[in-house]
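Heads up: the structure comes next, in structure tokens.
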Ligand code: NI
């Protein structure tokens, strides 16, 4: 871990109050840690825009009785321009499945992959979680 530097900043009183409220509501014990994590969130967002290598996780819920869908989902993972790191399948009920697909690669390619998955007929819900390799945010 890098050495800590101390900074002071000027901020409007109402904004400071909002920051303190947010810090407490988010369960942080101190402002510094909350601000560090806010900066990391922003850096991660920038990585997604910049084309850097990022980590994304697509969670999808689908009906496996829908004709050809299971095969199509496998095919999409094989053809994805983002690299599939792992996928996990869980049977939710007689006909509903949940899948978690973690991918690494260019943010735009991952978004395209998630969008294509979401648009398949029989997919009931899909959500992309945008994270980072962690290499550039410490
Ligand atoms: Ni299943």
Of those in the range 101-131 that are within 16 Å of the ligand (Cβ to nearest atom) and under 25 Å from residue 50 (Cβ atoms), the residue surrounded by the fewest Cβ atoms within 10 Å (Cβ to Cβ) is 126
Is it the case that the range 76-89 has a residue that's more than 16 Å from the ligand (Cβ to nearest atom), at pLDDT below 95, under 15 Å from residue 129 (Cβ atoms) and outside any helix (DSSP H, G or I)?
yes
Under 9 Å between Cβ atoms, which residue pairs at least 6 apart in sequence (or on different chains) link something in the range 24-48 that is over 21 Å from residue 130 (Cβ atoms) with a partner that is surrounded by fewer than 13 Cβ atoms within 10 Å (Cβ to Cβ)?
31/20; 32/4
Going through (1) without any contact (Cβ under 8 Å) to a residue 60 or more places away in the chain; (2) within 16 Å of the ligand (Cβ to nearest atom); (3) over 17 Å from residue 129 (Cβ atoms); (4) surrounded by 11 or more Cβ atoms within 10 Å (Cβ to Cβ) one by one, residue 98 fails only at (3)
Here is a list: 81, 15, 19. Which entry is touching a helix residue (DSSP H, G or I) at 6+ places or on another chain (Cβ under 7 Å) and exposed (fewer than 14 other Cβ atoms within 10 Å of the Cβ)?
81
Among 134, 68, which is within 16 Å of the ligand (Cβ to nearest atom) and exposed (fewer than 12 other Cβ atoms within 10 Å of the Cβ)?
68
Contact list, first residue from the range 60-73 and free of Cβ contacts under 8 Å to residues at least 60 places away in the same chain, second anywhere and part of a helix (DSSP H, G or I), beta-carbon distance below 9 Å, six or more apart or interchain, is 64/70; 73/117
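The values are calculated or read from the model by the stated rules, or taken from the named source; none is laboratory data. If you're wondering where the values come from, they're calculated on a predicted model, not measured in any experiment. All Cβ positions, even for glycine, are placed from backbone atoms using ideal geometry, and neighbour counts span all protein chains on display.
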